[in-house]
Amino acid sequence: NVIAQCRAAGLHPVVACELEFYLVDPKRKPDGGLALGALPGREPPRRAGNLSLDAVEDMAQFLTRVDEAAAVQQLPVCGAVAEYGVNQFEVNLRHIADPVLAADQAVLLRRLVRGVARSLGMDATFMAKPFMDQPGNGLHVHVSLVDEAGRNRFGAPGGDALLRQGIAGMQALMYDSMALYAPNFNSQRRFLGPFVPTSRDWGHNNRSVAFRVPVGEGEARRVEHRVAGADASPHLTLAAILAAILHGIGNRLESTEPVNGRAIDSDDADFPGDLIVALERLVASKPLAQYIPERYLRLYSQVKRGEYGELID
């Protein structure tokens with residue numbers, strides 16, 4: 001329904017999802033905690049290898065099997081990198097012009113990664129914060145808008161103004177949508193760590209902000225939404241993001257100025273860092289209910305409150 005509203009407004013979204021995860025041991029520690037996983041006959045890594053080729057090569061058997069399985073399942077996997085956490089990786093999907101299919105592919109990719117890990121005696125976790133002393137797992141979404149001929153509107157004349165309106169919409173609805181981006185009790189813990197946005201800032205090629213505009217002109221012009229955890233529903237995440245972009249462009253909203261430098265110290269006191277607070281904000285959001293039915297938001301809130309109640313009982 002959200003995509004139909006976008007296309008009715010002449011906006012044709014092209015999206016790509018990136019998922020972060022940890023490779024862990026399927027057996028728990030004596031205290032029930034997670035231990036890092038390793039390939040057969042090898043020891044788990046002892047240090048992080050962000051963007052390290054060595055870390056990728058060490059897990060080449062796993063990553064090659066992911067690539068092979070993705071080809072069989074026709075999932076457009078286009079790259080993998082070692083992330084900031086120890087034994088943490090990110091696998092990327094290609095940009096496509098069908099957001100529902102992109103969300104389907106993200107769900108299938110999570111299952112595929114776990115299946116390949118288990119075939120090698122490991123497991124993979126997409127929990128938002130599986131280790132308190134390590135960075136969390138995110139679901140990062142890249143979005144651009146094209147015209148009916150497939151030309152990137154963000155890279156065309158006047159595209160910067162359109163891009164900033166879209167960012168303004170994401171800023172306006174970010175906090176209202178946090179219960180979709182961080183849907184579980186564990187999801188909230190991710191925001192206590194580094195490299196996670198807790199304010200509505202945006203910036204150019206700045207990985208400390210919520211909305212990053214990567215380096216690239218013309219057809220490569222896009223915005224990266226960095227708020228959601230890897231445990232979030234890709235379908236609901238994309239629905240909320242596209243609703244926000246539609247809201248910003250449709251109402252010609254104005255974004256803040258881009259942030260230069262790290263935004264880590266610019267925490268916003270209005271940030272809903274508690275699941276119940278986030279759910280209250282979700283059901284009270286009149287702007288979001290223009291795109292996602294209020295009845296659905298209310299039902300979603302009731303389900304999540306029930307899960308939370310079972311957890312704390």
Query raised in the report: Filter the stretch 132-161 for residues that are crowded, with 18+ Cβ neighbours inside 10 Å and aliphatic (A, V, I, L, M); which is farthest from residue 48 (Cα to Cα)?
Result: 146
Requested in this report: Looking only at the stretch 221-238, count how many residues are under 18 Å from residue 98 (Cβ atoms), aliphatic (A, V, I, L, M) and open to solvent by less than 20 Å² (accessible area, probe 1.4 Å).
Outcome: 1
Report summary line: Flagged in the stretch 255-283 as surrounded by 12 or more Cβ atoms within 10 Å (Cβ to Cβ) and without any contact (Cβ under 8 Å) to a residue 40 or more places away in the chain, in numbering order, are 276, 277, 280, 283
Requested in this report: Report yes if some residue within the stretch 95-105 is open to solvent by 30 Å² or more (accessible area, probe 1.4 Å), touching a strand residue (DSSP E or B) at 6+ places or on another chain (Cβ under 6 Å), modelled with pLDDT under 95 and closer than 25 Å to residue 196 by Cβ; otherwise report no.
Outcome: no
Query raised in the report: Within the bounds of the stretch 44-67, is there any residue that is in a helix (DSSP H, G or I), closer than 24 Å to residue 151 by Cα and free of Cβ contacts under 8 Å to residues at least 12 places away in the same chain?
Result: no
Report task. Identify, from the list 187, 144, the residue that is hydroxyl-bearing (Ser, Thr, Tyr) and within 28 Å of residue 280 (Cβ to Cβ). Result -> 187
Query raised in the report: Within the set of pairs 6 or more residues apart or between chains, which connect a residue that is under 17 Å from residue 129 (Cβ atoms) inside the stretch 171-190 to a residue that is outside any helix (DSSP H, G or I) and of a type in the set (Lys, Arg) with Cβ atoms less than 8 Å apart?
Result: 186/129; 187/129; 189/129; 190/129
Query raised in the report: Taking the stretch 202-220 as the region of interest, how many residues are out of contact with any Pro (no Cβ under 8 Å at 6 or more places or on another chain) and surrounded by fewer than 21 Cβ atoms within 10 Å (Cβ to Cβ)?
Result: 7
Query raised in the report: Here are 15, 2: which of them is open to solvent by less than 50 Å² (accessible area, probe 1.4 Å) and more than 21 Å from residue 128 (Cβ to Cβ)?
Result: 2
Query raised in the report: Any idea which residue in the stretch 110-131 is most open to solvent (accessible area, probe 1.4 Å), counting only those that are in contact with a strand residue (DSSP E or B) (Cβ under 6 Å, 6 or more places away or on another chain) and in a helix (DSSP H, G or I)?
Result: 114
Report task. Inspect all residues belonging to the stretch 296-309 and state whether any of them is of a type in the set (A, V, I, L, M), open to solvent by less than 50 Å² (accessible area, probe 1.4 Å) and either farther than 13 Å from residue 181 by Cα or part of a helix (DSSP H, G or I) (or both). Result -> yes
Report task. Identify all residues within the stretch 221-262 that are among the small types (Gly, Ala, Ser) and within 19 Å of the chain's Cα centre (by Cα); write none if there are none. Result -> 228, 229, 230, 232, 233, 239, 240, 243, 244
Query raised in the report: So which pairs qualify, if the first residue must be in the stretch 4-15 and at pLDDT 95 or above, the second must be among the hydroxyl-bearing types (Ser, Thr, Tyr), the Cβ gap must be under 9 Å, and the two must be at least 6 apart or on different chains?
Result: 5/291; 13/144; 14/144; 15/144
Query raised in the report: Counting only residues that are open to solvent by less than 50 Å² (accessible area, probe 1.4 Å), assigned to a loop (DSSP other than H, G, I, E, B) and touching a strand residue (DSSP E or B) at 6+ places or on another chain (Cβ under 9 Å), how many does the stretch 26-38 have?
Result: 4
Query raised in the report: Under the condition of being touching a helix residue (DSSP H, G or I) at 6+ places or on another chain (Cβ under 7 Å) and either free of Cβ contacts under 8 Å to residues at least 40 places away in the same chain or assigned to a helix (DSSP H, G or I) (or both), which residue from the stretch 88-101 is nearest to residue 141 (Cα to Cα)?
Result: 99
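The values are calculated or read from the model by the stated rules, or taken from the named source; none is laboratory data. A quick note: this is a predicted structure, and the numbers were derived from the prediction, not measured. Reconstructed Cβ throughout: ideal geometry from the backbone, glycine too, with neighbour counts over all protein chains shown. We work out accessible area using only protein heavy atoms, side chains counted, and drop any ligands, DNA or RNA first. Shrake-Rupley method; radii C 1.70, N 1.55, O 1.52, S 1.80 Å.
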